[in-house]
1. Taking the condition of being under 30 Å from Thr379 (Cα atoms) and open to solvent by less than 20 Å² (accessible area, probe 1.4 Å), how many residues in the range 316-354 meet it?
2. One residue is enough: does the range 154-169 have a residue meeting the conditions crowded, with 20+ Cβ neighbours inside 10 Å and in contact with a His (Cβ under 7 Å, 6 or more places away or on another chain)?
3. Confirm whether Arg268 is under 25 Å from the mean Cα position of the chain (by Cα) and within 28 Å of Cys635 (Cα to Cα).
4. Take Ala357 and decide whether it is buried (at least 17 other Cβ atoms within 10 Å of the Cβ), within 29 Å of Ser445 (Cα to Cα) and touching a helix residue (DSSP H, G or I) at 6+ places or on another chain (Cβ under 6 Å).
5. Which numbered condition in (1) of a type outside the set (A, V, I, L, M, F, W, C); (2) buried (at least 19 other Cβ atoms within 10 Å of the Cβ); (3) in a strand (DSSP E or B) is the only one that Ser200 fails?
6. Could you look through the range 629-647, keep only residues that are surrounded by fewer than 17 Cβ atoms within 10 Å (Cβ to Cβ) and touching a Lys or Arg at 6+ places or on another chain (Cβ under 8 Å), and pick out the one that is nearest to Arg185 (Cα to Cα)?
7. Would you mind finding the one in Arg307, Arg280 that is farther than 30 Å from Ala354 by Cβ and either modelled with pLDDT of 90 or more or of a type in the set (D, E, K, R) (or both)?
8. For the range 203-219, how many residues are open to solvent by 50 Å² or more (accessible area, probe 1.4 Å) and touching a Phe, Trp or Tyr at 6+ places or on another chain (Cβ under 8 Å)?
Amino acid sequence: MKKTLCLGFVCLLCFVSSVAGGQTERNRFDSIQSVGEVIVLSRLTFREVIPSHSLKGKQLQRLNSHSVADALRYFAGLQLKDYGGVGGIKTANIRSMGTNHLGIFYDGIELGNAQNGQVDLGQFSLDNVEEITLYNGQKSAIFQPASEFGNAGSVYIRTRRPRFAVGERTHLRFKTMYGSSDMVRLSALWEQKISDAVSSSVSVGFLSSSGKYDFRYRRLTPDGTVAYDTTATRSNGDIWALRAEANINGVFGQGAWNFKAYTYNSGRGIPGAIVNNVWRRGEHQWDHNTFAQASVQKSIGNVFSTRLLAKYAYYNTHYINRDTTKMIIDNRYRQQELYISSSNVFEILPSWSASAAYDFRWNKLDSDMRQFVHPHRFTNAVSIATAYNRPLFNIQGSLLATWVKDHTRRMVSRTHRTTLIPAVFANVFPLGNKTLSVRAYAKRSFRMPTFNDLFYTDIGNADLKPESALQYNIGLVFERHFEKGLFRHVRWQTDAYYNSVHDKIVAYPKGQQFRWTMLNLGRVHIKGIDIEGETTVKVIPDMMLTARVQYTYQDARDVTDAGDTYYRDQIPYIPWHSGSAIVGIAYRNWTLNYSFIYAGKRYNQQENTRYNYMQPWYTNDLSASYAFRIGTANCRLNAEINNILSQDYEVILNYPMPKINFRMGATVEI
């Protein structure tokens, strides 16, 4: 299979090579889109009330990151669950509320997984990503689909769209990389100007790795003596993956449209947890995820705009467990999703606008499991929102109503009618200019139980209620640009927040060994502070230094039942202190980048006991690149060393992470 995929990839590169011979639309209504010499510009401005956190352009290039999950480690308030290795599953948790409260949007349309609610961010490469943006609460612009008002936070992934200078019609880019664990990455991008109003792009990528790396395994008994202390090689972590994406972008009078087709096909070993000196596992998983989506946006005059979105996704998963010490498993899961959205915005007065949106989503899950009930779900969401924008004061309010109905093959149906989801956002500039802003918001968010929560054989509970959260946030942002002097840009922002999660869905024993069910038992109170700063310094005429730091403090306590032994203990895997730093130096054609990530002490179980304690960990990464030209081609060589001090650490208990490792690669753009 690997040889076939490599041959197909090389043939595609040869085909792309034989063909050669403005501001991107940012999912905001006040943006400008340029394709060739055609420009779409709206007079309306729907400002985002709450500033976002973003990494884009050269910042993403300089990071030692190759998937969306890697880049998200540098955002304040996000915790990344990483099971290790190139192919290890990676999911994100926002402000300790859980992975399912975070919406992941790919070019403006949400990535879904009704089966377990988790999106594996490791499947999305940074090779074709231009910007990653994090919004806490929600994207605070009223011109958006209805379902986006329901998330506790959102990550927007924006892929690269073609930009052509006068006389240009074709762009080509080829990337190759080799690294530790026998890792090979290949990718190619072909951008074509079809006409002044239409352009296309095709992006493909291939990944292969043995997944092997050395690690130290050390465990202590409750009395502090050493139970295990050995060095071994991580096995069964091999992966191959092929990704392909095609886009067609167009503009017309006061409007723009896009069509995208995406496919990801992979096979990977699942190394599993290291328990009782067992290093090998017999688990393997194959994924074939495909979706197609389209969007069209049109302004009518200067006071009204409408946007239509549509998506169909088909996910096929094949899971095998050949471990003879456990139950032999060989199951297939087929998941389908259909999504349609209509959103509209109207300017009532020059400073006052209102919007209304409707979303429909259909999900279905099939499996060859014994006694599987084959659930499908119908979701209808309606939102209304309004915004009042003045030069020094912005306020926005929204209201979301959602109706969900589930059906199964046994004709069991249950309607989950959520309560209204309100949100209020405000932003003021107390100094009379845009240097300092003070913002605040209050919001209620929710997440539906997944199909696994409700219907998984012998575990699911069809009577589960949606999990909800109350969010309160207040913060300030200071930002200044300087034309002269040492410092050219300074930005500092701080947020203090309080979240309360209700009806948290947890697994609970039914009374028999290995028999569990899902119940609404949990309640969690979360207090936190996020601090983020960045600056640009012009050291000498040809040298620029950029620095970005972030720090998060989180106190996330389980307050479900005062009779529990873990009452008011910190919830699992949430450190009190965490942070990161990025420092980059650019000198002529050279760039040097250093990054640091820290996670403080935490616990791997509900009880904060000595036995469940996990040591703090940190990593130091270093990368360098050199850019040059050969004829009309722009070339770049890069090398990186990760975990320079070769620290032994685990993000998830019994899933050791790689020690010191390296990567090197080259990029050619024509």
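1. Count: 7.
2. yes
3. Judged against the criteria, Arg268 is not a match.
4. Spelling it out, Ala357 is indeed buried (at least 17 other Cβ atoms within 10 Å of the Cβ), within 29 Å of Ser445 (Cα to Cα) and touching a helix residue (DSSP H, G or I) at 6+ places or on another chain (Cβ under 6 Å).
5. That leaves (2) as the condition not met.
6. Ala639
7. Arg280
8. Matching residues across the range 203-219 total 2.
The values are calculated or read from the model by the stated rules, or taken from the named source; none is laboratory data. Being a predicted model, the structure only gives us computed values, none of them experimental. With ideal geometry, Cβ positions are generated from the backbone for all residues, glycine too; neighbour counts draw on all protein chains shown. When the accessible area is computed, the model is the full protein with side chains, heavy atoms only, and any ligands, DNA or RNA have been set aside. Shrake-Rupley method; radii C 1.70, N 1.55, O 1.52, S 1.80 Å.
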